[in-house]
1. Which of the numbered conditions does Ala88 fail, given that it passes all the others? Conditions: (1) surrounded by fewer than 20 Cβ atoms within 10 Å (Cβ to Cβ); (2) within 15 Å of Tyr30 (Cβ to Cβ).
2. Can you pull out the residues in segment 185-200 that are open to solvent by less than 30 Å² (accessible area, probe 1.4 Å), assigned to a strand (DSSP E or B) and either of a type in the set (Phe, Trp, Tyr) or closer than 18 Å to Asn129 by Cα (or both)?
3. Which of the residues spanning segment 159-184 are assigned to a loop (DSSP other than H, G, I, E, B), open to solvent by less than 90 Å² (accessible area, probe 1.4 Å) and closer than 18 Å to Pro32 by Cα?
4. Which residue pairs have Cβ atoms under 6 Å apart, sit 6 or more places apart or on different chains, and have a first residue in segment 83-106 that is in contact (Cβ under 8 Å) with a residue 40 or more places away in the chain and a second that is hydroxyl-bearing (Ser, Thr, Tyr) and open to solvent by less than 50 Å² (accessible area, probe 1.4 Å)?
5. When the residues of segment 131-158 are narrowed to those that are charged (D, E, K, R) and closer than 19 Å to Leu178 by Cα, which ends up surrounded by the most Cβ atoms within 10 Å (Cβ to Cβ)?
Amino acid sequence: MNERQYDEMLNIRTSENQQGFHESLHHNRYEPTPYALLEILFSQYRLSHEDRLVDYGCGKGRLNFYVHSLFGAETVGVEMDETFYKEALGNRTAYEKKQKNTKGKIDFCCCLAQHYKVEARDNRFYFFNPFSVQIFMAAVNNILKSVEQVQRPVDVILFFPSDDYIDYLEHQTLFELLEEILLPGANRDIRERFLIYRLE
């Protein structure tokens, strides 16, 4: 299936290009993870219906709906852009019309990543290189503080990771690399991969 066919199947709209762009050194342009690459990731990395995945820089919510439809897992999308946040809410309404018994399973938060209050249920965290390493560090520190309060294994999933993200996780935290998933075309750009880090 192509991008639009996937959107139609989920009854959402996430395939349109971004209009406008935030002039910021700390935030990158919105670009949803292609469905074909999500297929590769989640064919090798499985979630359960007991997991709760947080997508930082979720945009219009593509990953949230995809993960819920595939695994039944709860998801949270964190998005600072109010326009994308409203589109994500609209997508949730449309998705819930097609998918029964989904109320309360998909949530969205309109805030900066570093201001998202990590809940004890949150245990999977997805980053598609959405912002600078300084913001990434603040978000991960919030995850670590949450784990100190409520002990649990947590995973951080990086797509198209920057060297700064990797260096921070591997040298300044107790996260350990669990899995590397290479993607077609990775021989052209080493960043074309998923890295999954786990904190036991």
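The values are calculated or read from the model by the stated rules, or taken from the named source; none is laboratory data. Remember, it's a predicted structure, so these values are computed and weren't measured experimentally. Neighbour counts run over all protein chains shown; Cβ positions are idealised from the backbone, glycine included. Calculation scope for accessible area: heavy atoms of the full protein, side chains included, ligands and nucleic acids excluded. Shrake-Rupley method; radii C 1.70, N 1.55, O 1.52, S 1.80 Å.
1. Of the numbered conditions (1) surrounded by fewer than 20 Cβ atoms within 10 Å (Cβ to Cβ); (2) within 15 Å of Tyr30 (Cβ to Cβ), the odd one out for Ala88 is (1).
2. Looking only at segment 185-200, we keep the residues that are open to solvent by less than 30 Å² (accessible area, probe 1.4 Å), and these are 185-186, 194-197, 199.
Now restrict to residues that are assigned to a strand (DSSP E or B): 194-197, 199.
Hits for segment 185-200 are Phe194, Leu195, Ile196, Tyr197.
3. Phe160, Pro161, Ser162, Leu183 - these are the residues of segment 159-184 that are assigned to a loop (DSSP other than H, G, I, E, B), open to solvent by less than 90 Å² (accessible area, probe 1.4 Å) and closer than 18 Å to Pro32 by Cα.
4. Between residues of segment 83-106 that are in contact (Cβ under 8 Å) with a residue 40 or more places away in the chain and residues that are hydroxyl-bearing (Ser, Thr, Tyr) and open to solvent by less than 50 Å² (accessible area, probe 1.4 Å), the close pairs are Ile106/Thr75.
5. Quick first cut of segment 131-158, residues charged (D, E, K, R) only: 145, 148, 152, 155.
Subset that is closer than 19 Å to Leu178 by Cα: 152, 155.
On the way: Arg152: 12, Asp155: 19.
Here the residue is Asp155.
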